[in-house]
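Participant: Please see the structure below; I have some questions.
No lab work stands behind these numbers, since they all come straight from the coordinates. Quantities reported herein were computed from a predicted structural model and do not represent experimental measurements. Using ideal geometry, Cβ is built from the backbone for each residue, glycine included, and neighbour counts are taken over all protein chains shown.
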Amino acid sequence: YPHPHWCGFSPCGKFLLVPDLGMDQILIYQVDTEVRNISIHGFARAQAGGGPRHMKFSADGKFIFLLNELSLSVESFAWDAETGKAKAFFEIPTLSKEEKAGETFNSAAEILVHPSGNWVYSSNRGHDSVSAFKHTGKGYLELIQKQPVRGAFPRNINFSPNAEWLIAAGQESNSIAAHKINPKNGRLTYQRGAITNVPNPTCLLFLKNL
């Protein structure tokens, strides 16, 4: 396929989902654990020209939040765990047209769903920010904040193990910066001094049991 950009399993583990930037689809594969094989099961059509990049399931497993790299938007899909089918029903931009026009380059990079299920975050390269959304229920999102990452080109963002912090990797600023997550409203606050110099960071992972 032209440009598969990410892969991950459905909450039940029976399906493997692959957003394909070139096809503007989520490819859905059925997983056979007995013979250790996957087979094509179907696809979910995304926004034409949007460029699907990364996706996450809602905390209850009923919805998919798909991040479109080229259009800088989040699409919501209803997920049927029994049939392994997904259908788009909602879309929201991560940046306004005016904000995108103010930069020579923009692309969406990473998407996260807070363990509480209440908030969704995505990173914007070029604008160098994180868009924060409130999950108002049933897969619908409301934009609540656009937080500067205090760095350049946030290719990756991740939560701390306790999900109290959002860490943003500035690939072109050679830095990572920590933002406190407000447990009441999901908004982000940068903590002065909570920045570390790291050469060309592209992915943030935490080691467990240290």
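Participant: How many of the residues making up the range 76-87 are under 16 Å from the mean Cα position of the chain (by Cα) and hydrophobic (A, V, I, L, M, F, W, C)?
Facilitator: Final tally of qualifying residues: 1.
Participant: Filter the range 132-174 down to the residues that are surrounded by fewer than 21 Cβ atoms within 10 Å (Cβ to Cβ), of a type in the set (Gly, Ala, Ser) and outside any loop (DSSP other than H, G, I, E, B) and list them by number.
Facilitator: Gly137
Participant: Another question, then. Collect the residues in the range 192-203 that are touching a strand residue (DSSP E or B) at 6+ places or on another chain (Cβ under 6 Å) and assigned to a strand (DSSP E or B), keeping them in residue-number order.
Facilitator: Ala194, Ile195, Thr196, Asn197 - these are the residues of the range 192-203 that are touching a strand residue (DSSP E or B) at 6+ places or on another chain (Cβ under 6 Å) and assigned to a strand (DSSP E or B).
Participant: Also: Out of the range 23-48, which residues are touching a residue at least 40 places away in the same chain (Cβ under 8 Å) and part of a loop (DSSP other than H, G, I, E, B)?
Facilitator: So the first thing to find is which residues in the range 23-48 are touching a residue at least 40 places away in the same chain (Cβ under 8 Å), and the list is 26, 28, 30, 41-42, 44-47.
Within the range 23-48, Ala46, Gln47 qualify.
This table checks each residue for (1) farther than 20 Å from Phe89 by Cα; (2) free of Cβ contacts under 8 Å to residues at least 60 places away in the same chain; (3) in contact with a Cys (Cβ under 7 Å, 6 or more places away or on another chain).
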site	(1), (2), (3)
Val130	yes, yes, no
Phe133	no, yes, no
Leu141	no, no, no
Ile144	yes, yes, no
Val149	yes, yes, no
Gly170	yes, yes, no
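Participant: Scan the range 54-66 for residues that are over 17 Å from Ile28 (Cβ atoms) and either surrounded by 21 or more Cβ atoms within 10 Å (Cβ to Cβ) or β-branched (Val, Ile, Thr) (or both) and report the count.
Facilitator: So the answer is 0.
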